[in-house]
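To start, the structure itself, in structure tokens.
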Amino acid sequence: MPPIPASTVSLRPDYQNQQKQFARAFAILRDAVGQHAFPGASLAVSYRGGLIASHGVGRFTYQDDAPSVAADTVFDIASITKAVATTTMAMILFERGALKLDAPVAQVLPEFLSLSPAHQKAKREAATVRMLLAHSSGLPAYEKLFEFAQNRKELLHAALTTPLTAAPGARAEYSDIGFILLGELLERIAEEPLDQFVQREIFTKLALSRTWFVPPLDLRGQIPPTEDDVAFRKRVIQGEVNDENAWVMGGVAGHAGMFSSATDLATFAECLLRGGPPLVSPETVTLFTRREELPRGTSRALGWDTPSHPASSGTRFSPTSYGHLGFTGASLWIDPKRNLSITLLTNRTWPDRRSQQIRVVRPLLHNAIVEAIEGT
């Protein structure tokens, strides 16, 4: 089996120095593995333009003979797909003038209106692209569309006909359904599948050599499994997307499906911290990562989240920070004030989805890293 290609991150942290400086942060991860918060984790920290820490702890599973997790092990990053792939594609199309944020969703996806129940048509006319990005379209958080959809076409039809649960713009509710539709909307504008567009326009331009939708078959054994699925697929899920809706869609969807390493995501974060080139302009980065004013009280930016209470980024990240979580135990947080990014990838869903200890680990880890950097 050929190895996964090496990451192209330009700077490597000094091993001995990072072991000393981030000893407490690394200990938090080791303790979390010992407490079965997750079998393994990979961490990458970029600061002031350089990668200052990359570290792997634990194993692929809780078995003593399972492969060890390395600093650049590839994981299923789940909903971080929304930020890194789908939102960045939206940013690129917006900058090119092809995407209008306040355009009605039905302008690009007419089925969103034509297939809807008559009593919902007036509400659905008000839903905009901005609302999909900001999770305020009125669509529900999640539906098990995979239980009756057999393929991509059927699942998209189910998403397009999912009833609104609130008036567009009335409230913020994190929605996988909204991002499934956003992915389809962007594909129609670009006249190209999402995975092909982001491979050329994002992954290749940033030399993210360990980032894909649908990893090659011969590399899947080098990716930690996410779940022993006894309910739906009835097999161990390894090297294929954990999210069932995304799986029915062939592994490529606007809400989930990406696989990446912590070091690759640190490279992506550095692109945004430097203002966006070669992908987009600083103005576009600012527009998409700034917290929305409406609905009142939302923590959402366009495709990103911002710190709220309690925050997975801990208590030390600045108010202008932005980030995203992934259901499998992934997180990416970026603090432009500090010029800092922290990527944590785990498979906390192994062997099933019951453990919620990641909610305790994340803020402790982020606080420990900021304190290690600032000496406080």
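Values quoted throughout were computed directly from the atomic coordinates according to the rules given, and no laboratory measurement underlies them. Predicted model only: the values in this text are computed from it and were never measured. With ideal geometry, Cβ positions are generated from the backbone for all residues, glycine too; neighbour counts draw on all protein chains shown.
Summary table below
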quantity: Set LYS100/LYS123; LYS144/LYS234; LYS144/LYS205; LYS100/LYS144 screened for pairs whose C-alpha atoms are more than 27 Å apart; calculated: LYS144/LYS205; LYS100/LYS144
quantity: Length-normalised contact order of segment 85-193 in % [C-alpha pairs under 8 Å, at least 6 apart]; calculated: 32 percent
quantity: Neighbour-count ranking [beta-carbon atoms within 10 angstrom, fewest first] of VAL108, VAL236; calculated: VAL236, VAL108
quantity: Projected label distance in nm at ARG96 and GLU154, using a 7 Å step from Cα toward the beta-carbon; calculated: 3.3 nm
quantity: Ranking of TRP212, TRP350 by count of other Cβ atoms within 10 Å, fewest first; calculated: TRP212, TRP350
quantity: Relative contact order computed over segment 184-327 (Cα-Cα under 8 Å; 6+ residues apart), in percent; calculated: 16 percent
quantity: Phi-based couplings in Hz for segment 193-206 (Karplus 6.51, -1.76, 1.60; Gly and Pro marked x); calculated: x, 4, 5, 5, 4, 6, 4, 6, 8, 10, 4, 6, 5, 9
quantity: Computed over the chain: relative contact order in percent, which uses C-alpha pairs under 8 Å that are six or more apart; calculated: 24 percent
quantity: Rounded Å value of the spacing that divides the Cα centres of segment 328-371 and segment 248-266; calculated: 17 Å
quantity: Base-10 log of normalised Debye intensity for the chain (one unit scatterer per alpha-carbon) at q = 0.06, 0.09, 0.12, 0.13 Å⁻¹; calculated: -0.21, -0.47, -0.86, -1.02
quantity: Equivalent ellipsoid dimensions for segment 113-259 as semi-axes, Å, which come from the Cα gyration tensor, largest first; calculated: 29, 19, 13
quantity: Two-decimal Rg/Rh across segment 85-193, once Rg and the Kirkwood Rh are taken from alpha-carbon atoms; calculated: 0.94
quantity: Cα long-axis angle, helix 23-34 against the chain (0 to 90 degrees, to the nearest 10); calculated: 70 degrees
quantity: Principal axis box of segment 230-304, alpha-carbon based, largest edge first, Å; calculated: 46, 33, 18
quantity: Reachable aspartates and glutamates from LYS121, criterion Cα separation under 16 angstrom, eight or more residues apart if same chain; calculated: GLU111
quantity: In segment 150-225, GluC sites (Glu not before Pro) in a DSSP loop with at most 13 other beta-carbon atoms within 10 Å; calculated: GLU191
quantity: Dipole moment magnitude, nearest 20 debye, segment 85-193 about Cα centre, only Lys, Arg, Asp, Glu C-beta charged; calculated: 260 debye
quantity: Alpha-carbon centroid distance for the pair segment 19-52 / segment 288-319, whole angstrom; calculated: 24 Å
